[in-house]
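*Asks:* One structure is given below, represented as structure tokens, and several questions about it will come after.
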Amino acid sequence: MTELDALVALVVGGGRSVGAGDGLAFDAAVDQLVIHADRSGRRAVGAAVAKVFATVIAAMWEGGWQPGETARAVRRELSTRHGELIATAIAAEPAAARTAEAPGLWVAQLDELDAHRWWGDDVDWLGPWSARLGVEWIAGLQVAIEALGVLLRLPAMEQLLPPPSAWGKAAWLPASDAGHDDPVLAKVRALLAKAESTSFEAEAEALTAKAQELMSRHSIDDLLARERPGGRRDRPGARRIPVDDPYADAKSTLLSTVASANGVRCVWHPDLALMTVVGFDADLDGIDALFTSLLVQATRRMVAERPEPDRWGRSQTRSFRQSFLLSFAARIGERLAEAADYSRQAAEAELSVSLLPALARRQDEVDEAVSDMFPRLKRHRSRSATNREGWAAGRQAADTAHLDGGRAHLERASGA
């Protein structure tokens, strides 16, 4: 066994000890690596760390993980510093240099992580990373092994983007990689950004309603284009959207509600706080933006409320906010469904044709894609509301965010 092989075994053993919760084995692995560093130099240990991370990260790409969600998983379980280390490890992995072949969504995640080889061509990135953050080398080594422990126990995920091994071949690029620069989506995002920034509730309501109106009509236009003779026959695609604590379950209900109103199916991964959304580009592109905006608006209203203590003087903040978000999601779902229905009726009045058969076919394709992607899918029972005051406040907040922009389409089409 070469010295590099021995060092690699120590690094892997340290990572596995983290997953097993064995603090003594972790300390022993770090101590042995420090001894080797004192004898052979820190770069030798750094090269072993780099080799292990390159192998593990490449395996994660083949197992369905993507750069952004990989760094997030480590950051969520440990700390921001651990997430920054993972971004550096991702930048060192050979696939990071192949951006010309990579899907656009993959490259966008690398850019968001700022995952580039800022330390140059040296194989050892651990030493430069520790110096850059101003931490002792040994502390940097501990961070690396702790982060490795998280990576080693992450489960395989569904393959939503082609992994690096498929780049440059007669590749499948999922439909969901094509529409992220859509000009309609840019308008939706601009409207939602204004809705989030304004201090006037009525203005926020009107801007959000207009955003949903644009999304609904864009989806219908896309449907009509696909239905024409010779129209494109793209398949449903999928993306994973992070849903962060606190109240991740309630927030996932809001995301599921927004998705359902726009013809998209959702699968919730509670242990990872990720939601897979499955649908067509024209529907997927706006889901994340609308969900994020509604969450910002709901949170702003929620934190402004001050729930009374219960009769024993105990705080009801958590149950209030959980119930608020669940109620907000339920009412928003009703309003979004109304807006989508109005947009459909407007288009039907304009075109003198029923869209229901085409919409049903479209939904069947989405359902089939979900069945193919998740053959062992189980129903998830969402958390229930327990605070009556929070439920009432959430419903009132959703009512004031009346998303009835679709009605304007119907009235214009009917000459009202």
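*Asks:* Taking His180 as meeting all but one of (1) modelled with pLDDT of 75 or more; (2) not in a helix (DSSP H, G or I), write down the number of the exception.
*Replies:* (1)
*Asks:* Here's something else I'd like to know. Out of Asp221, Asp234, I need the residue that is over 27 Å from Arg72 (Cβ atoms), out of contact with any Cys (no Cβ under 6 Å at 6 or more places or on another chain) and in a loop (DSSP other than H, G, I, E, B). Which one?
*Replies:* Just one listed residue meets the conditions, Asp234.
*Asks:* Which residues, taken from the stretch 224-246, are buried (at least 21 other Cβ atoms within 10 Å of the Cβ) and more than 23 Å from Leu105 (Cβ to Cβ)?
*Replies:* None - no residue of the stretch 224-246 is buried (at least 21 other Cβ atoms within 10 Å of the Cβ) and more than 23 Å from Leu105 (Cβ to Cβ), so the list stays empty.
*Asks:* Specify which of the listed residues (Ala385, Ala346) is small (Gly, Ala, Ser), modelled with pLDDT of 80 or more and either assigned by TED's automatic domain parsing to the domain that holds Gln212 or over 26 Å from Ala238 (Cα atoms) (or both).
*Replies:* Ala346 is the lone residue from the list that is small (Gly, Ala, Ser), modelled with pLDDT of 80 or more and either assigned by TED's automatic domain parsing to the domain that holds Gln212 or over 26 Å from Ala238 (Cα atoms) (or both).
*Asks:* Then there is this: Can you confirm whether Val107 is assigned by TED's automatic domain parsing to the domain that holds Arg153, surrounded by fewer than 22 Cβ atoms within 10 Å (Cβ to Cβ) and not aromatic (Phe, Trp, Tyr)?
*Replies:* Against the criterion (assigned by TED's automatic domain parsing to the domain that holds Arg153, surrounded by fewer than 22 Cβ atoms within 10 Å (Cβ to Cβ) and not aromatic (Phe, Trp, Tyr)), Val107 qualifies.
*Asks:* Then there is this: Please go through the stretch 349-367 and give me each residue that is more than 33 Å from the chain's Cα centre (by Cα), assigned to a helix (DSSP H, G or I) and either within 24 Å of Ala238 (Cβ to Cβ) or modelled with pLDDT of 85 or more (or both), ordered by number.
*Replies:* Passing the criteria: Ala349, Glu350.
*Asks:* Looking at Ala190, is it in a helix (DSSP H, G or I) and modelled with pLDDT of 75 or more?
*Replies:* Yes; evaluated as a whole, the condition is true for this residue.
*Asks:* Would you confirm, using the coordinates I've provided, whether Arg76 is farther than 13 Å from Leu148 by Cα, of a type in the set (D, E, K, R) and touching a Pro at 6+ places or on another chain (Cβ under 7 Å)?
*Replies:* No.
*Asks:* So for the stretch 231-251 (the condition being of a type in the set (Val, Ile, Thr) and at pLDDT 85 or above), does at least one residue qualify?
*Replies:* yes
*Asks:* Only one of (1) modelled with pLDDT of 95 or more; (2) surrounded by fewer than 20 Cβ atoms within 10 Å (Cβ to Cβ) is not met by Ser40, so which one is it?
*Replies:* (1)
*Asks:* Checking the condition of a type in the set (Gly, Ala, Ser) and out of contact with any helix residue (DSSP H, G or I) (no Cβ under 9 Å at 6 or more places or on another chain), which residue from Gly14, Gly41 passes?
*Replies:* Answer to the selection: Gly41.
*Asks:* Return the pair list, or none, for Cβ contacts closer than 8 Å from residues in the stretch 136-157 that are over 16 Å from Ala20 (Cβ atoms) to residues that are basic (Lys, Arg) and in a helix (DSSP H, G or I), at least 6 apart or on different chains.
*Replies:* Trp137/Arg42; Val143/Arg81
*Asks:* So, one more: If you go through the stretch 102-130 one residue at a time, how many are aromatic (Phe, Trp, Tyr) and in a loop (DSSP other than H, G, I, E, B)?
*Replies:* The total comes to 3.
The values are calculated or read from the model by the stated rules, or taken from the named source; none is laboratory data. On a predicted model such as this, the values are computed, not experimentally measured, just so you know. Virtual Cβ from ideal backbone geometry, glycine too; neighbours counted across all protein chains shown.
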